[in-house]
Amino acid sequence: MKKALFIPVIIILIFCFCACTQEGDQETGQEITTPEQDVNVKTARDSRPNILLVVVDDMGFSDVGAFGGEIRTPNIDAIAEAGIRITNFCVGPTCAPTRSMLMSGNDNHVAGLGNQAEARAPNQMDQPGYEGYLSDRVISFASLLKDSGYHTYMAGKWHLGEPLERDPYHRGFERAFTLLEGGASHFDDEWMMYANYTPTYREDGERVHLPPGFYSSEFYADKIIEYIDSNDDGKPFFAYLAFTAPHDPLHVPDEWLDKYKGHYDEGWDALRGDRLERMKKIGIVSEDTQLSHRLPMLPEWDSMNPESRKFEVRRMELYAAMIENMDFHLGRLLDYLKSKSMFENTLIVFFSDNGANAFGMDSYPETTKEWVERNSDNRFSNWGRRGSRIAQGMGWAVASNTPLRYFKAMNSEGGIRSPLIIGGPGIARTGEILPTFTHVMDIAPTFLDVAGTSYPTEYSGHEVSPMMGKSLLPFIQGKVDVVREDSEAVCWELLGFRAVRQGRWKATWLPKPFGLSEWELFDLETDISERNNLAETNPEKLRELIQIWEKYAESVGLIMPDPPIQLVKD
């Protein structure tokens, strides 16, 4: 059998470590409304909600408790119970494209990340939309919030440009401590995640090094607390907490190493089934939902020998511990906001940048198994500690994305459907689980709407492209029942992998062995697991969607990679 290298997927995975015035009683924060034009500016600024955006890295659709996971996430779950859960929220298939759409409210091909910066094909280099950083054709919404009177803070992963003038401090954040690249060790060693690169950290535009005792989730939460606490002038804040957990390498402090010991001994097949039943019971998926088809490249759990199962179990134990640890440190931030009487007037948005990651540490460029062994302390007793390089792996990634098809880097639902949780003032649908289709491009216009500001046609002396996203605010407030009408379409492309969504219909183009290397058609209203290809039974709808995608590709200046993607190599 030929060896499947899955080259483009691997390449892209590597680099993704990878207003409102408030009417009535400000304490209760019952309603978010856009300020009228004649409202005094200072009054509007003083009364607008704070905004806390929490983005986690490479976490699956069903990992948190509020979406059916067994992992203990009490703080995230509490936000969900008091707010809303949106089960049909889509992002990009990998981190940098998602983050470019998040910050700009625009398509990643317009925002400068038509491809991962590090994976651009020769014909994409130096082309508009493929700059490899957040382009000047868009505005970071943080800049607009800052201009409108918000304090703007960030801690965590940026991955939208490494040059000084492209870092978050120069794209709208008044305070920012960030890892500029896609990932690194979660400890203070500043260790490369894969071969031949050095992680870069900056604070407020200055190169810095990590302090002794650094652990990513703890430190980034501390930084957001520090930044918020540094100002007491009555102005609202926007804080972006961009956790690097649970992205590989799987690292947790020693006291967290055995939090899930023994929890996953039954294997990934059993975990998928258990999660699906909980998801049905909660209402995340419908009663007739089935698991996506089993991957032929994934061994059945019971067919593996005990030694292999032992190693695989440990991967998921560490991954789960990372997520619970992340939730714990988010809880510390929430407790701080409560202690300062800020929590009730803070809009909180939580999601993952893409689906769970299926590939190992040796899949990265120039990073062979020999390199990992030579440069890591991967003794089994050291897994999860400093010096180890361990990833979640395909079996558990599929389980993390239950019941969806595939994982990160794919335009299938397992790559692009993310758990969206929104809590805070002005939510009229408290406690509801909602299947309305939304997109990561919708976050920026929502925040601008909350702040009572708008996206201009030009900025800093040059024209900018209009946002493609739609504000969620009317939906959150209960004024409308959908964010997008069924006639509206959204499209994706990355490394030649394609998808288009219109209402209940979705068409995908995935190369072999993941797809058919031709367009497939799915009805997501009855088949979110993408089990049943309807291309032959409904060819007219498929042709219609392909035409929509082709018009999209032309409108955003899409450049297909040349040479074309080769997934299988002798």
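Quick notes
- Residue match in the range 219-242 (condition: among the basic types (K, R), under 13 Å from Y153 (Cα atoms) and not in a loop (DSSP other than H, G, I, E, B)): yes
- Long-range neighbours under 7 Å by Cβ, at least six apart or interchain, first residue under 16 Å from M316 (Cα atoms) and surrounded by 14 or more Cβ atoms within 10 Å (Cβ to Cβ) within the range 266-282, second among the hydroxyl-bearing types (S, T, Y) and modelled with pLDDT of 95 or more: L271/Y264; R272/T402; R275/S62; R275/T402
- Set F177, F187: member being within 26 Å of P212 (Cβ to Cβ), at pLDDT 95 or above, surrounded by fewer than 22 Cβ atoms within 10 Å (Cβ to Cβ) and touching a strand residue (DSSP E or B) at 6+ places or on another chain (Cβ under 9 Å): F187
- Failed item, numbered, when R417 is tested on (1) touching an Asp or Glu at 6+ places or on another chain (Cβ under 8 Å); (2) of a type in the set (D, E, K, R); (3) buried (at least 21 other Cβ atoms within 10 Å of the Cβ); (4) farther than 19 Å from H109 by Cα: (1)
- Of all residues in the range 188-203, those that are under 17 Å from S388 (Cα atoms) have Cβ atoms under 8 Å from Cβ atoms of residues that are of a type in the set (F, W, Y) and assigned to a loop (DSSP other than H, G, I, E, B), 6 or more apart or on another chain, in D188/F214; M193/F17; M193/Y364; Y194/Y364; A195/Y364; P199/W191.
- Complete set of residues in the range 336-355 that are surrounded by fewer than 18 Cβ atoms within 10 Å (Cβ to Cβ) and either of a type in the set (D, E, K, R) or touching a strand residue (DSSP E or B) at 6+ places or on another chain (Cβ under 8 Å) (or both): K338, K340, M342, E344
- Just one of (1) among the charged types (D, E, K, R); (2) under 26 Å from A409 (Cβ atoms); (3) assigned to a helix (DSSP H, G or I) fails for K146. It is (2).
- When the range 29-81 is limited to residues that are in contact with a Ser or Thr (Cβ under 8 Å, 6 or more places away or on another chain) and of a type in the set (G, A, S), the one that is modelled with the lowest pLDDT turns out to be A44.
- Taken together, T436, T453, T446, T430 contain a single residue that is surrounded by fewer than 20 Cβ atoms within 10 Å (Cβ to Cβ) and either in contact with a Pro (Cβ under 6 Å, 6 or more places away or on another chain) or modelled with pLDDT of 95 or more (or both), which is T436.
- Applying a threshold of 6 Å to beta carbon distances and a minimum spacing of six or more residues, or different chains, the list of pairs starting in the range 293-320 at a residue that is in a loop (DSSP other than H, G, I, E, B) and ending at one that is at pLDDT 95 or above reads H293/R531; L298/M394; L298/G395.
- Filter result for V138 (surrounded by 24 or more Cβ atoms within 10 Å (Cβ to Cβ) and part of a helix (DSSP H, G or I)): no
- When the residues of the range 423-479 are filtered to those that are among the β-branched types (V, I, T) and in a loop (DSSP other than H, G, I, E, B), the one that is nearest to S100 (Cα to Cα) is V464.
- Residue that is farthest from V500 (Cα to Cα), among those in the range 521-570 that are at pLDDT below 95 and exposed (fewer than 14 other Cβ atoms within 10 Å of the Cβ): D570
Table: residues versus (1) in a strand (DSSP E or B); (2) acidic (D, E); (3) over 21 Å from P403 (Cα atoms).
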site	(1), (2), (3)
A499	yes, no, no
S517	no, no, yes
L534	no, no, no
L545	no, no, yes
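The values are calculated or read from the model by the stated rules, or taken from the named source; none is laboratory data. For clarity, every value in this text was computed on a predicted model and none was experimentally measured. Cβ atoms come from the backbone with ideal geometry, glycine included; neighbour counts cover every protein chain shown.
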